[in-house]
Amino acid sequence: MRTGDHFYHDFPPPQLSFRLRALTCLVMVCLLAATPGCSEAASPIVAKHEEVKPGTLALHLGVGEPREGLKPVKAKDGLTLYVFPQPELTRAHLAFAQALHSERRSMLRLVFGPVGTERLYQLTAANRGSYLAIFINDELAAAPRIELPVETGEIYLVGAFPQKRCEELARALSR
């Protein structure tokens with residue numbers, strides 16, 4: 001290895017388009033907007049291997065006004081959403097979940113497999129202005145408004161759970 005060569009010289013970093021970088025930044029800014037003070041670098045926590053009951057995950061499309069056949073759900077901020085009964089994505093579409101922590105906040109990273117990534121992109125591209133209601137173990141964990149398509153297949157739930165609960169959920173969803 002010559003001086004100045006990078007350790008990962010055989011695996012160049014992926015070249016992200018400007019649109020993808022902007023989208024990724026926008027998604028993170030939107031998620032972090034509700035949790036000020038999360039500026040420290042997040043560090044992954046390796047979960048201990050212990051017997052954990054598998055968790056459930058369901059992503060439903062939601063709207064802000066009542067419609068026939070939609071179920072009303074109260075979000076943590078007091079907003080009432082009306083969600084479609086059939087989930088668009090489930091745990092079966094998830095590749096893995098990961099707990100990440102900074103000094104002030106915890107976040108749960110949900111990474112979808114190829115089919116889930118494509119479905120997430122199609123769902124968010126076609127439904128801007130609607131909500132993505134994310135249920136974990138039948139509880140509404142988050143319901144962000146869809147502003148842009150999610151192309152990366154990753155969702156970060158920032159500040160939705162305390163550190164220990166975040167780690168438990170990551171283990172349960174990754175089983």
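Here ALA99 passes the criteria (1) of a type outside the set (Lys, Arg); (2) in contact with a helix residue (DSSP H, G or I) (Cβ under 6 Å, 6 or more places away or on another chain); (3) in a loop (DSSP other than H, G, I, E, B) except the one numbered (3).
Taking the conditions (1) surrounded by fewer than 20 Cβ atoms within 10 Å (Cβ to Cβ); (2) of a type outside the set (A, V, I, L, M); (3) modelled with pLDDT under 95; (4) in contact with a strand residue (DSSP E or B) (Cβ under 7 Å, 6 or more places away or on another chain) in turn, GLY78 satisfies each one other than (4).
Residues to consider are VAL83, VAL158; find the one that is crowded, with 19+ Cβ neighbours inside 10 Å, more than 17 Å from PRO54 (Cα to Cα) and modelled with pLDDT under 95.
Numbers: VAL83 fails: modelled with pLDDT under 95.
Going through VAL83, VAL158 in turn, just one is crowded, with 19+ Cβ neighbours inside 10 Å, more than 17 Å from PRO54 (Cα to Cα) and modelled with pLDDT under 95: VAL158.
Filtering ARG109, ARG104 for residues that are under 26 Å from GLU168 (Cα atoms) and part of a strand (DSSP E or B) leaves a single hit, ARG109.
Among the residues of segment 79-96, is any more than 15 Å from the chain's Cα centre (by Cα), closer than 15 Å to ALA58 by Cα and polar (S, T, N, Q)? Within segment 79-96, one or more residues are more than 15 Å from the chain's Cα centre (by Cα), closer than 15 Å to ALA58 by Cα and polar (S, T, N, Q). When residues in segment 123-164 are screened for being in a loop (DSSP other than H, G, I, E, B) and either without any contact (Cβ under 8 Å) to a residue 40 or more places away in the chain or of a type in the set (Asp, Glu) (or both), 6 of them pass. Checking each residue in segment 69-85 for being under 20 Å from GLY129 (Cβ atoms) and part of a loop (DSSP other than H, G, I, E, B) picks out GLY69, LEU70, ALA75, ASP77, GLY78, LEU79, PHE84. Note on segment 116-144: residues that are charged (D, E, K, R) and at pLDDT below 95 amount to 2. Regarding ARG104, is this residue surrounded by fewer than 17 Cβ atoms within 10 Å (Cβ to Cβ), under 16 Å from LEU157 (Cβ atoms) and in contact (Cβ under 8 Å) with a residue 60 or more places away in the chain? For ARG104, the condition - surrounded by fewer than 17 Cβ atoms within 10 Å (Cβ to Cβ), under 16 Å from LEU157 (Cβ atoms) and in contact (Cβ under 8 Å) with a residue 60 or more places away in the chain - is met. Selection within segment 144-165: residues that are under 9 Å from the mean Cα position of the chain (by Cα) and among the β-branched types (Val, Ile, Thr). The member of this set that is nearest to GLN122 (Cα to Cα) is ILE155.
The values are calculated or read from the model by the stated rules, or taken from the named source; none is laboratory data. Nothing here was measured: the structure is a model prediction, and the numbers come from that model. Heads up, the Cβs are rebuilt from the backbone with ideal geometry, glycines too, and the neighbour counts pull from every protein chain shown.
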